[in-house]
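The block underneath contains the structure these notes are about, expressed in C-alpha cells.
The values are calculated or read from the model by the stated rules, or taken from the named source; none is laboratory data. Predicted, not measured: the structure shown is a model, and the values here were computed from it. Glycine gets a Cβ as well: all are built from the backbone with ideal geometry, and neighbour counts include every protein chain shown.
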Amino acid sequence: METMMRSFAKLYHSMRLQRPGATTTDYIESISKARHDKNVADDHTKTHPCDELDASDTSYNSWLIEHPSALRCFKDMISNAKGKKIVVFLDYDGTLSPIVNDPNRAFMSDSMRSAVCEVARRFPTAIISGRSRDKMLGELEKKTSKIQGVMIEDNRFCISVHYRHVHQEDYDMLQERVQCVLAKYSSFHLTKGKKVMEIRPSIKWNKGDAVEYLLDTLGLASSSDVLPIYIGDDRTDEDAFKVVRSRGGEGYPIIVSSTPRETMASYSLRDPSEVFSFLISLARFTHTSSY
C-alpha cells in the first residue's frame, strides 16, 4: 500500500496540476501573440448555431447530432457555468498535440501552450497523462527488437508498445511476444489504444480515477457547484468521460475526433486546432462575463 501511495503521489506530480493564479513561466509566449487565431474562436462561438452540421459528411452529421461541436455550442455550454467552479482536465497526445508517428515528437505548439496556461491562470487545470521523457531498455525491447517498426515507450506508470509502423503480417508475432513477456509478471495487465498496446499495473487506476482523485485533492469531489470539463481523444479517456457524466449533467466530457466513433462524451471537437479555439474561448470568457 505504501508503494502504491508513493506511485499516486508521483502520478499527481506528473499531471502537473495548476491552480488559479499560477504564474506562466518566462519561456512561454504571451497569449496575446496567439490572437491571430482570435477570429477563428469568434467564428465558432458567434456565427455557428449549435445544430449546424457539415454537409459534406452524412455519417459525421448523424454522429454530431448526438455529440455536437463544443465550439458551436460554446455559449449554450458556458451559460450553465455561471456560479459554478470550472475545473479543466486535458489529455495530451491527440488533444494538445497532434498524433505523430514518433511519440517523442508530440509537442504542444507555443500558441497551444499559451492557451493552456491562460486557462490554468483562471481555473484549476490538469494534464492527465503518464508520459515521461526517460526511455527504458528492458525485456520487451529485447523481445521485439527484430520486428520492424516497433517503438517501446516508458511512461513511468505504464509501458507503451507502439505498432503504427509495424507491417500487418508482423502484428500477430508482436502480440505473441508481448503476451509472452507479460505472462512472467502477474501484477501487470494489457490494454489497447490507438495503434498501441499498454502494459499497466493491475490496480484500479485509470483516467477516471485520476479525475476523481484530483477533484478530491482540490476539495471539490462532493461539491454541487463544480463543473468539470474533460477533453480527450483516446479510448483511455472514456473512463474519465464516464466519471464526468456521472455527476448528473454537471460537467462536459468532450471527445476530439474527426470521424464518428462510439463514446461516452457529450460534445466533440475535430482536432487539436479546435481544442485550441475552445481553450481560447474559455480563457476569454472570464474577461467578458460576470462569472
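With the structure loaded, tell me whether Leu215 is in the same structural domain as Asn61 (by TED's automatic domain parsing) and over 21 Å from Cys73 (Cα atoms) or whether it fails that test. Don't jump to the end; show me each part of the working.
Values: in the same structural domain as Asn61 (by TED's automatic domain parsing): yes; over 21 Å from Cys73 (Cα atoms): yes.
Taking the combined requirement at face value, the residue satisfies it.
Residues are listed down the side, and each one gets a yes or a no for (1) surrounded by fewer than 16 Cβ atoms within 10 Å (Cβ to Cβ); (2) in contact with an Asp or Glu (Cβ under 8 Å, 6 or more places away or on another chain):
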| site | (1), (2) |
| --- | --- |
| Leu214 | no, no |
| Ala221 | yes, yes |
| Gly232 | no, yes |
| Asp237 | no, yes |
| Ser257 | no, yes |
| Leu282 | no, no |
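For the stretch 242-265, name all the residues that are without any contact (Cβ under 8 Å) to a residue 24 or more places away in the chain and at positive phi.
Those that are without any contact (Cβ under 8 Å) to a residue 24 or more places away in the chain and at positive phi: Gly248, Gly249.
Go through the stretch 163-211 and give me each residue that's part of a helix (DSSP H, G or I) and either without any contact (Cβ under 8 Å) to a residue 24 or more places away in the chain or surrounded by fewer than 16 Cβ atoms within 10 Å (Cβ to Cβ) (or both).
Once the filter is applied, which keeps residues that are part of a helix (DSSP H, G or I) and either without any contact (Cβ under 8 Å) to a residue 24 or more places away in the chain or surrounded by fewer than 16 Cβ atoms within 10 Å (Cβ to Cβ) (or both), the stretch 163-211 yields Gln168, Glu169, Asp170, Tyr171, Asp172, Met173, Gln175, Glu176, Gln179, Cys180, Leu182.
Cβ contacts < 6 Å: first residue touching a residue at least 60 places away in the same chain (Cβ under 8 Å), restricted to the stretch 113-130; second residue among the hydroxyl-bearing types (Ser, Thr, Tyr), any location; separation 6+ or different chain. Result?
Cys117/Thr24; Val119/Thr125; Arg122/Thr286; Ile127/Tyr92; Ser129/Tyr92
If you go through the stretch 85-112, how many residues are buried (at least 17 other Cβ atoms within 10 Å of the Cβ), free of Cβ contacts under 8 Å to residues at least 60 places away in the same chain and either assigned to a helix (DSSP H, G or I) or not assigned by TED's automatic domain parsing to the domain that holds Asp209 (or both)?
So the answer is 1.
Any chance the stretch 182-196 includes a residue that's over 19 Å from Met264 (Cβ atoms) and among the aromatic types (Phe, Trp, Tyr)? Break it down into steps so the answer makes sense when it comes.
If we filter the stretch 182-196 for residues that are over 19 Å from Met264 (Cβ atoms), which is where we start, we get 182-190, 195-196.
Subsequent filtering for residues that are among the aromatic types (Phe, Trp, Tyr) retains 185, 188.
There is at least one residue in the stretch 182-196 that is over 19 Å from Met264 (Cβ atoms) and among the aromatic types (Phe, Trp, Tyr).
The rows are residues; the columns are (1) out of contact with any Ser or Thr (no Cβ under 9 Å at 6 or more places or on another chain); (2) modelled with pLDDT under 85; (3) basic (Lys, Arg); (4) farther than 24 Å from Val244 by Cβ.
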position	(1), (2), (3), (4)
Ser56	yes, yes, no, yes
Leu64	no, no, no, no
Pro68	no, no, no, no
Asp76	yes, no, no, no
Lys82	no, yes, yes, no
Val88	no, no, no, no
Ile99	yes, yes, no, no
Asp110	yes, no, no, yes
Ser129	no, yes, no, no
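What number of residues within the stretch 137-151 satisfy the criterion of being surrounded by fewer than 19 Cβ atoms within 10 Å (Cβ to Cβ) and either under 11 Å from Met197 (Cα atoms) or touching a residue at least 40 places away in the same chain (Cβ under 8 Å) (or both)?
Total meeting the criteria: 1.
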